[in-house]
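Okay, structure first, notes after.
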Amino acid sequence: MTEKKALESRESEEIRIGVYVCHCGLNIAGSVDCEEVAKFAETLPHVVLAKDNRYTCSDQGQELIKNDIKEHELNRVVVASCSPRLHEPTFRKACEEAGLNKYLFEMANIREQCSWVHLYDRKAATEKAKDLVKMAVAKAALLEPAEEIEVPVIRKALVIGGGVAGIQAALDLADTGYKVYLVEKEPSIGGRMAQIDKTFPTMDCSICILAPKMSDVGHHPNIELLTNSEVVDVKGYIGNFHVKVLKKPRYVTDDCTACGECVEVCPVIAPNEFDVGLAIRHAIYTPFAQAVPSAYIIDMDLCLNKEKIIVCDKCLKACERQAIKFEMKPETMELEVGTVIVATGADVFDPSSLPKYRYGKYPNVITSLEFERLINAGGPSGGHLIRPSDMQIPKRVAFIQCVGSRSEKSGRLYCSNVCCMNTIKDSLLIKEHWHETEIHVFYIDIRAYGKGFEDLYIRARKEGVKFIRGLPAEIIEDRKTCNLWLIGENTLQKELYKVNVDMAILSIGLEPRKDSKIIQRLLTLSRTQDGFFMEAHPKLRPVDAATGGIFFAGCAEGPKDIKDSVTQASAAAARAGILMAKGKVTVEAITPIFDLEKCKACGLCVKVCPYNAITLNEELKRIEIIEAACVGCGTCAAECPFDALTQNHFTDKQIFAQIDAVTEHDAEKKIVAFCCNWCAYAGADFAGVGRMQYPPNVRIIRTMCSGRVSPKFIERAFARGAAMVLVAGCYPGDCHYINANEHTQKRVERFWKKMEQNGLNEERLQLLWVSAAEGERFASKIREMQGIVEKVAPEEIETAKRVFEKALGGV
Amino acid sequence: MGEEKRVLTGTHFMNGDVACAEGAIAAGCKFFAGYPITPATEIAERMARRLVEVDGIYVQMEDELASMAAIIGASWAGAKSMTATSGPGFSLMQENIGLAVMTETPCVVVDIMRGAPSTGQPTEGAQQDVMQSKWGSHGDYETIALAPASVQEMFDLTIECFNMSETYRVPTFLLADGFTAHLWERVIIPPPEEIKTVERKKPTVPPDEYMPFKPDDDLVPPMASFGEGYHMHVTGLTHDERGYPKTVDPKTQHELVQRLCEKIRKNAGKIIRTHEFVLEDAEVAVIAYGIPSRASLSAVKGARESGIKAGLLRLVTVWPFPEKQVEELANRVKAIVVPEMNYGQIVREVERAAKETPVHFLAKLGGEPHKPSEIFEVIRRAAEA
Amino acid sequence: MPVRIWRTPLDIEKVKRPKAEIHIIKNQCKGCGFCIHFCPKKVLEESEEINERGVHPPRVVDESKCVLCSFCTSVCPDFAIFVVEKQCKDGC
Amino acid sequence: MTVIQEFAKHPLAKYLRLERFPHIWCEGCGDGIILNCFVKALDDLGINVDKFVVVSGIGCIGRVAGYIKCDSFHTTHGRPIALATGIKLANPKLTIAVISGDGDLFAIGGNHFIHAARRNVDMTVICSNNFNYGMTGGQFGPTTPLDSYTTTTPYGNIEHPFNLVHLAAAAGAVYVARWTALHVKRLTESIKKALQKKGFKFIEVISPCPEIYGRRNKLGKSIDIMKQYRQISQIRHGYDPAKAEITKEKIIVGEFIDIEKPTYGELLQKQFLKIQKKVMGG
């Protein structure tokens, strides 16, 4: 507590701010005159010193700050550099080490949101940088020290998805000694890897190396395996998730010995999903031989008894152990966990959406997944590669790459990462069994970047596999023989080809799970444009989700091969392990501040709080705040009509100060943008990372959630003569505070009405839903708004000033 | 065990209820179902102790309805079965007595008569159920009822009841008064070989030819037991010879009811037992049954001493009623005297048979048996008239 | 595993299911319709003909769809329908 | 081919008195299904019918005894259990099933039911519960739901009905189950289980009475009643029978009680041996 004493002693003293302007090598200095910005900073109120240096985040940079805090008795620090999303923690730590409460630190984002997006207008960029610093200083002057509250972390983990990634993550955590709930929606764990015949580049039998891990999961004392189950609800926050899991009935108890007698008598059949429909299964079945749990399951949609009444009791009679219980009901389990690992995997692309390959029409056009089952000794053809039309072993086969990857047509622009090597592996497998087989591989590029990959590629070429650059434009079938003509252009030799083969294998890509949306909503995650889950930071936090306590493993985060999935799984397990080992996390001190005097106990805040962290005490006629449950979205503060609530570190005063700073000069040219931390602000950063250029007249004020944006902020901006206001947040449903941004929408819509009633052009207030990945969407919005700004007449500015006069009163 | 315990050969001093129980066991009774009621309870108590010694079953049911039902069931399962009760319980049994008649089920019902109507005089003897034992259940039917007059007869006639019941496939009543039942007397139980017991007639044809209700010439059908593979159907409904319901066929109903009655009437000669005392030259005949016959005997002796030619006809079989004997007697006597411990029941049958011969009735109610002097008085008046 | 499934499974021929022989004792039927309504494979339908009891007994629509669950046999209050396994010669 | 000849081919024909069919029951009556499931159970268990006795009482279902090819007794109203007790005790080698109706077993025969259950006499009692006296034209009985209409409750029933499974359990039955006439497979299994178990077993079967009870209470045709069963029945094995009242919205079915308890016969046998030893000993 020494720091705290130290800071208390300084409370009374006048405010002493130190400003540090970072060059970030040339990243900032390249288009911003950092010295000038620093000089400008010195002129600002309360600033006792302003310095610029090459890398403020470097050790020297941090040392400098620490020393100045001591020497010059700084009690506020502002760093103008990159995005707070990147280095705020770094500098906060430095301040704390120097005995300064970390909430007395503020940052100006002059890289992602300035230098990188205004590369070619040094003057404008420098002016903007000054504004941004001015805003930061203004806010800094009003910063209050704060103590973070600690919440315990439950030492149990939830792993969603039982593919190889989920299995690995679960085993690692369980071996570390943590209780793990592994939830898998299929009847067995194993995932895609269980379907595959051999793995590249080592060519070892996939199920042979997976099965032991699967049974380890089955027997591990620390793992509670919940198959045929789905996560249906998640509440709470980092360290304290309350999860509801729907356990669908198997209709077969653990007494099942997997003897298979029931299958013999079951009268109904359907294609077996595990064999991609190449083999049949019965209504009562086990997905595959090595399934874990090994207990059978009844497919109730198929079973004759789906109508609740037993019309067929053949399996019941056949089961000696009497393990079949048709009366089983779905049960909902409630779990308390501290961390969550999302390992929901990927779907495979359905090629029937690409008419040119006639998948689903020509029997001998198969997918690479079907191939895996055909070549697999445990598969429907007992490992004999046959072609569906006549069950004969094909003499000539073709592999077609990038089906559902890297193409506009399929709507999937990304590389699926595994297909090239998988095809090479498959071609070698064929050569192994039927050496004389003629193999053509049609590709765009062969990507053999991994360890041991190139060797495999070379081996395949040595074995005589023909690699032809240029995908077939179409496939034509010979009615009689069912052989296939592949027609296309060899883009190396610049000549057309027309190749006749017995069978064509479409190397299908990986795509996000159709139901990713559900997990996304439940865990308030973000997704990248390709639809896979987005990590908190592509470099520094590659397995963390933006939401605390949640981590990614395997293809859920992007297409991966087995090795990478396992690697990421272990990483995720380690990350989760750290949290649980520590046993506690500190929650940012950005909870509401409550003013008993002003509260009228109207209960509006209680209604809007997405986390039920506010309750209305009927007797005392006042509200009560549960700090641990609060995650600091600030929606309550925005909703309170009596200014009885405001938010720590995002107080009305502080935000007003930022607005005022922006609008001090040339307000009529400026856009005041309120951006939520998770999507809009991150989106703006992303625009910077992608060097997407847009007009320099926007000034971003960061709030944790767009729900924090109170109408009075907008009024203030207009009252101060701002040309336009932008409120930007996550897409509805993607809100990181469950549904807080629904209130944003309501408020903005109300505001538009107000403007209309007062004869103001609603266009001057814009609402933008944007994801963290949509930098371009953000940039183009600003460009679009610039167009409007130019049209805003001075009179309109004046009217607005008058209409919202009242908003000027200080708070 | 079993056989050697069945007959307690020797001379005993016991009461009527106990003697009845011993008679039943000696007759081969293997199943007793009952419900406690004064003055028949001692029979149940004795059975509860004794049956187990002869591999028999004693079961105390929830009421007399159940008791009667149970012995019918037991009988079809092949056991000689019996229940014992008194007036109120006898009334409850009438329903299933009807079932026993309809299904021609051999079984014995002991009714120890007490003061009635209703709960009446539980501890006092009477003879008020005589007509109930004939007409108690609904419909036309014939049953057999024997009336013991001594503890020895409580033993002997119980055996008779079983034998007749087995012979004619009909519920048979031991109709004893509360006095005889509670009387303590000497009883001589003969050795087993001297005790005649009858077993029911069994079918001689294979199951598929067997008709459970097709009579032989004696109008009694042979009876198989459940569990012997005959797959019989037994019903309280009017049924054909196969045993299947035929409820709307007049012929079936007529023939069935007719046979149920005739099989007793036609065999009345074999069934009826009476005892005569100095009737050869009698001018006044006393007709009595049960306990009054004992007072009647000394009254008749007294009359003879005082020069009145009196005699006694004691009815052992009450039902079927010994019509012939009474009619024949009436033809040769001046008058008939009937003492009964009721307000006039069997006397109606006597009058019916006696035609013009005057019948003097001597009712006795309240639980006191007749005094010989009372009967003598009536004899004297009858002789003078 | 949401993969589009469209092929006839390669081993479809290998699975042999017992063939059913459905017996309907028309004149014993009282026409409750239980067998028709509760057949999981919708093998039966009401016929036009009227039996001795004045009702429409069931008629077999497609015997090959029957999987011998015998629910009709058990649910018939009148023992008017029963299914037995067809004793197949090489014919079927 | 005559009906009888066709009928003879029925897999269950050998358990039925074919010449007595068609039975007397109405179209869609549950009693036929109960009979069907019952003989199916006999067949599944391969029971020796020579040693098997069916006893029934009075009422529609009372006629069942006359259709099964084994020793069978169609007794007076309410008395089948008492009579069956006599049969069983007199010849323990026989297996006894009592099949009767709700009125017969629980109104006029209620006393016999509870006492046989209390004694744990070895027999299986199956009750066809159709909520009224069908044979006499539809009067209310001990299971008729409140407010239902019958010829003797023209303004609606004001008597609270029995919850039969609760009654049986309380009286001491060692096996208590309830199914509807639609749960034929489960019912058959239950009957098999009961027949193989020692002691007093009770199975209630909710049975459609479309012509009498159904018509008066606008329940539709038998098929509608059966559909209703499918809709509102819920299987809850081990459920507390006390809570298993039948309502318009819900029929809880399943096996409620399955316990072990010495039967009357077993205790009697024990006593025999004890006493005989004593007597032999002198």
#### Entry: Sparse-neighbour loop sites [GluC sites (Glu not before Pro); segment A:405-436; at most 11 other C-beta within 10 Å; DSSP]
A:Glu408, A:Glu436
### Where only alpha carbons of segment B:3-194 are counted, the Rg and the Dmax (Å)
14.8, 44
#### Entry: Computed over chain A, Cα set: Rg, Dmax in Å
30.8, 94
## Note on the structure
Among D:Ile68, D:Ile158, D:Ile34, the residue with the largest mean-square fluctuation in a Gaussian network model of chain D built from Cα contacts under 10 Å is D:Ile158
### Message
Eigenvalues of the Cα gyration tensor times 5, then square-rooted: what semi-axes does that give for segment A:51-103, in whole angstrom, largest first?
### Response
16, 13, 9
### Query
Around A:Asn376, what is the net charge, scoring Lys/Arg as +1 and Asp/Glu as -1 over all other residues with Cβ under 10 Å from its Cβ?
-1
### Query
Treating the beta-carbon of each Lys and Arg as +1 and of each Asp and Glu as -1, no other charges, what is the dipole magnitude of the protein assembly as shown about its Cα centre, to the nearest 20 debye?
2080
### Query
Fewest first, what order do C:Ile50, D:Ile203 take by the number of other Cβ atoms within 10 Å?
C:Ile50, D:Ile203
### Charge dipole of the protein assembly as shown about the Cα centre (unit charges at C-beta), most positive-ward option of D:Gln231, A:Gly163, B:Val18
A:Gly163
### Query
Relative contact order for chain C using alpha-carbon pairs under 8 Å, separation at least 6, rounded to a whole percent?
36
### Task
Hand me the GluC sites (Glu not before Pro) from segment B:138-201 located in a DSSP loop with no more than 12 other Cβ atoms within 10 Å, in residue order please.
B:Glu199
### Query
With contacts defined as alpha carbon pairs under 8 Å and 6 or more residues apart, what's the relative contact order of segment A:650-811 in percent?
33
### Message
Per q in 0.12, 0.15, 0.20 Å⁻¹, report the Debye log10 I(q)/I(0) for segment A:1-148, using one uniform scatterer on each alpha carbon and no solvent.
### Response
-0.43, -0.66, -1.14
### Query
If you plug each phi of segment D:239-254 into the Karplus form 6.51 cos²θ - 1.76 cosθ + 1.60 with θ = phi - 60°, what whole-Hz ³J(HN,Hα) values come out, in order, with x for Gly and Pro?
5, 5, x, 4, 9, 9, 4, 8, 10, 5, 8, 8, 10, 6, 10, x
## Note on the structure
Going fewest to most other Cβ atoms within 10 Å around each Cβ, A:Val727, A:Val21 line up as A:Val727, A:Val21
### Message
Is the C-alpha gyration tensor of chain C telling us rounded, prolate or oblate? Criteria: a/c under 1.5 is rounded; beyond that, a/b larger than b/c is prolate, otherwise oblate.
### Response
prolate
### Order of B:Trp319, C:Trp6 under a 10 Å beta carbon neighbour criterion, fewest first
C:Trp6, B:Trp319
#### Entry: Estimated dipole of chain C in Debye, rounded to 20 [Cβ of Lys and Arg +1, of Asp and Glu -1, Cα centre]
440
### Task
With a Förster radius of 41 Å, plug the Cβ-Cβ distance of B:Glu262 and D:Arg118 into 1/(1 + (r/R0)^6) and report the FRET value to the nearest 0.05.
0.40
#### Entry: B:Ile57 long-range amide H proximity, modeled H, under 5 Å
B:Phe31, B:Phe32
### Message
Given the -39500 (n - 2.57) contribution per DSSP H run of 4+ residues, what per-residue ellipticity at 222 nm results for chain D, rounded to the nearest 500 deg cm²/dmol?
### Response
-10000 deg cm²/dmol
### Message
Taking the Cα centre as origin and putting +1 on Lys and Arg beta-carbons and -1 on Asp and Glu beta-carbons, what dipole magnitude results for segment A:592-647, to the nearest 20 debye?
### Response
120
### Task
Show the residues, 5+ positions off or on another chain, whose built amide H is closer than 5 Å to the amide H of A:Tyr731.
A:Val770
### Query
Mind checking the angle between helix B:372-384 and chain B's longest principal axis? C-alpha axes, 0 to 90 degrees, to the nearest 10.
70
### Message
Based on alpha-carbon centroids, what's the gap between segment A:647-717 and segment D:59-119 in Å, whole number please?
### Response
87
### Query
Each label point is 7 Å from the Cα along the Cα-to-Cβ direction; what then is the distance between the points at A:Lys70 and A:Tyr497, in nm?
7.1
### Message
If exposed means no more than 15 neighbouring beta carbons inside 10 Å and the site is in a DSSP loop, what's the longest run of chain D without any exposed GluC sites (Glu not before Pro)?
### Response
D:1-158
## Note on the structure
Summing -39500 (n - 2.57) over every DSSP H run of at least 4 in chain C, dividing by its residue total and rounding to the nearest 500, the 222 nm mean residue ellipticity is -2000 deg cm²/dmol
### Query
Using the beta-carbon distance between B:Glu384 and B:Ile188 and R0 = 35 Å, what value does 1/(1 + (r/R0)^6) give for FRET efficiency, to the nearest 0.05?
0.25
## Note on the structure
Dipole check, the protein assembly as shown, charges on Cβ (K,R +1; D,E -1), about Cα centroid: among B:Gly302, C:Pro18, A:Cys636 the Cα furthest to the positive pole belongs to C:Pro18
### Message
Rounded to two decimal places and with Rh computed the Kirkwood way over Cα pairs, what is Rg over Rh for the protein assembly as shown?
### Response
1.19
### Query
Once fully extended, how much extra length lies between A:Lys451 and A:Glu805, figured as 0.36 nm per residue of separation less the alpha-carbon to alpha-carbon distance?
120.7 nm
### Query
Which whole-number percentage describes the relative contact order of segment A:347-511, with Cα contacts under 8 Å and a sequence gap of 6 or more?
31
### Task
Identify the GluC sites (Glu not before Pro) of segment A:146-192 meeting these criteria: DSSP loop state and at most 11 other C-beta atoms within 10 Å of the C-beta.
A:Glu147
#### Entry: Between helix B:87-102 and chain B: long-axis angle, C-alpha atoms, 0 to 90°, nearest 10
50
### Message
Quick query: amide H of B:Gln121 versus all other amide H atoms, modeled in the peptide plane; which residues come in under 5 Å with a sequence gap of 5 or more or a different chain?
### Response
B:Gly115, B:Ala116
### Task
Please turn the phi angles of segment A:354-367 into ³J(HN,Hα) values with the Karplus equation 6.51 cos²θ - 1.76 cosθ + 1.60 (θ = phi - 60°), one per residue in order, whole Hz, x for glycine and proline.
10, x, 4, 9, 6, 5, x, 10, 8, x, 8, 9, 10, 8
### Query
Between rounded, prolate and oblate, where does segment B:272-384 land on the alpha carbon gyration tensor, with a ≥ b ≥ c its root eigenvalues, rounded for a/c under 1.5, else prolate if a/b exceeds b/c?
rounded
### Query
Using a ≥ b ≥ c from the Cα gyration tensor of segment B:1-78 (square roots of the eigenvalues), is it rounded, prolate or oblate, where a/c under 1.5 gives rounded and otherwise the larger of a/b and b/c decides, a/b for prolate?
oblate
### Message
Between A:Lys306 and A:Glu798, what's the calculated FRET efficiency when r is the beta-carbon distance and R0 is 56 Å? Round to 0.05.
### Response
0.20
### Top positive-direction residue, dipole computed over chain A with Cβ charges, set A:Ile550, A:Tyr681, A:Ala323
A:Tyr681
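Here, each number is a calculation from the coordinates, and none is a lab measurement. As the structure is a prediction and not an experimental result, all values here were calculated from the model. Here the Cβ is made from the backbone with ideal geometry for all residues, glycine too, and neighbour counts use every protein chain on show.
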